[in-house]
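The structure under discussion appears below in the form of structure tokens.
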Amino acid sequence: MKWGISLYPEHSTVEQDCSYIERAAAHGFSRIFSCLLSVEGDPRQVKHESAQLTSCAHANGMEVIFDVAPSVFSKLGISYDDLSFFHEIGADGIRLDEPFQPSQVADMTRSPYGLMIELNASSADGILPATLTHDPDRARLISCHNFYPQRFSGLDTAFFERESALVRELGVSLAAFIGIPRDDAFGPWPLKEGLVTLECHRGLPLDFQARHLSAMGLIDDIIISNCFATEEELASVEEIDRSLVQFRPVADPGLTDNERTVALYPKHKVRGDLSPYLLRSTWSRVEFADLDIPARPVGRDLMRGDVVVVNNASPRYKGELQLVLQDMPDDGTRNVVGTLPAHEQMLLEYLDSWSRFGVLL
């Protein structure tokens, strides 16, 4: 599993790009997406600028995959059976944004340059299974979803999950994009309405987008699609534990240190016997049996998305952490440590019996 960034040299400088590469590499990022679809000008200049990018990337332990299409091949005088141009610029792979013939894709995976060939996973065009019938080098065949600059044009979640599951069933690595929700972030095109794979991610916090994709369990590599992520944004992605579902509630103003200790327990796991009202993590009540958790008035009914800790008023359950699934009356035995915003509540759908999860405060 890899974290990735994107670079668009035609909209920045070599110095800016290299500085970003160094910062991202320091936060554990290891792959770069760059777009040749919008590149204009002399192929020699394109080659020179691209080689500078890959040289800096490789010096920082990062790989580079360039987005291309048949029109780019034509513009740069490249043939599918001669990929030496990409070898000369130091590319580690190319992403085929638009379809080539399946037999051509299979041939590309067997070029002498060891290039990764990445297919567009969002097109539902059957190219991937068709390519597999032409005996590609499967070790060099990967896939990646699109990103969508225009508002309301991103992928439907059910479609995304369906197409991603098909790719995973075929045993092919899969990547997807998340977008920086800032007006000053840019991509390859003038439009600045976000640059996301999933429409439901548009405008939401960057780390939530990454945690949502991770929770689905379908995506290998997650790439930030626009430039430039801040140190805080890079760090928020780096800290994600992709082995479990992580929630970031808005902390309750009255949250105590002991309640925080329970919420941050690193071994939360949903009990196997599911309730329609609560997802329960019971090991914390064993771990923190001696912790003092005085009752705090809630002042309202409990609501879906509340993260609660059972207090001293219920000694048998004290210290148990629970995620509220539907509204229920407050009986005085539960303290609200935080509440999940509407977008965070999407993640509740990915928990089941024995699912591991974490709370970020």
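The values are calculated or read from the model by the stated rules, or taken from the named source; none is laboratory data. What you are looking at is a predicted structure, and each value in this text was computed from that prediction instead of being measured. Backbone-built Cβ (ideal geometry, glycine too); neighbour counts: all protein chains shown. SASA here: full protein model, heavy atoms, side chains in, ligands and nucleic acids out. Shrake-Rupley method; radii C 1.70, N 1.55, O 1.52, S 1.80 Å.
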> Residues in the range 54-66 that are open to solvent by less than 10 Å² (accessible area, probe 1.4 Å) and either closer than 15 Å to residue 20 by Cβ or among the charged types (D, E, K, R) (or both): how many?
Replying inline: 4
>> Return the residues of the range 306-347 that are free of Cβ contacts under 8 Å to residues at least 40 places away in the same chain, more than 15 Å from residue 258 (Cβ to Cβ) and among the hydrophobic types (A, V, I, L, M, F, W, C); say none if nothing qualifies.
In response: 342
> Just wondering, is there one or more residues in the range 103-117 that are surrounded by 16 or more Cβ atoms within 10 Å (Cβ to Cβ) and at pLDDT below 95?
Replying inline: no
>> So in the range 1-49, with the set limited to residues that are assigned to a helix (DSSP H, G or I) and basic (Lys, Arg), which one is most open to solvent (accessible area, probe 1.4 Å)?
In response: 44
>> If the requirement is being under 27 Å from the mean Cα position of the chain (by Cα), touching a residue at least 24 places away in the same chain (Cβ under 8 Å) and not in a loop (DSSP other than H, G, I, E, B), which of these qualifies: 280, 242?
In response: 280
> Are any residues in the range 328-359 open to solvent by 30 Å² or more (accessible area, probe 1.4 Å) and aromatic (Phe, Trp, Tyr), and if so, which ones?
Replying inline: 350, 354
> For the range 59-177, list the helices (runs of 4 or more DSSP H) that sit wholly inside it and hold at least 2 residues that are among the small types (Gly, Ala, Ser); which are they?
Replying inline: 70-76, 102-108, 157-169
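Conditions tested, residue by residue: (1) closer than 30 Å to residue 172 by Cα; (2) of a type outside the set (Phe, Trp, Tyr); (3) in contact (Cβ under 8 Å) with a residue 60 or more places away in the chain.
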| site | (1), (2), (3) |
| --- | --- |
| 9 | yes, yes, no |
| 12 | no, yes, yes |
| 24 | yes, yes, yes |
| 30 | yes, yes, no |
| 33 | yes, no, yes |
| 50 | yes, yes, no |
> Is it fair to say residue 76 is of a type in the set (A, V, I, L, M), modelled with pLDDT under 95 and open to solvent by 20 Å² or more (accessible area, probe 1.4 Å)?
Replying inline: yes
>> Of the residues 159, 177, only one is open to solvent by less than 20 Å² (accessible area, probe 1.4 Å), at pLDDT 95 or above and not small (Gly, Ala, Ser); which?
In response: 177
> Looking only at the range 161-207, which residues are in contact with an Asp or Glu (Cβ under 6 Å, 6 or more places away or on another chain) and under 12 Å from residue 6 (Cβ atoms)?
Replying inline: 175
>> With assigned to a strand (DSSP E or B), over 24 Å from the mean Cα position of the chain (by Cα) and at negative phi as the only criterion, which of 312, 258, 335 stands out?
In response: 335
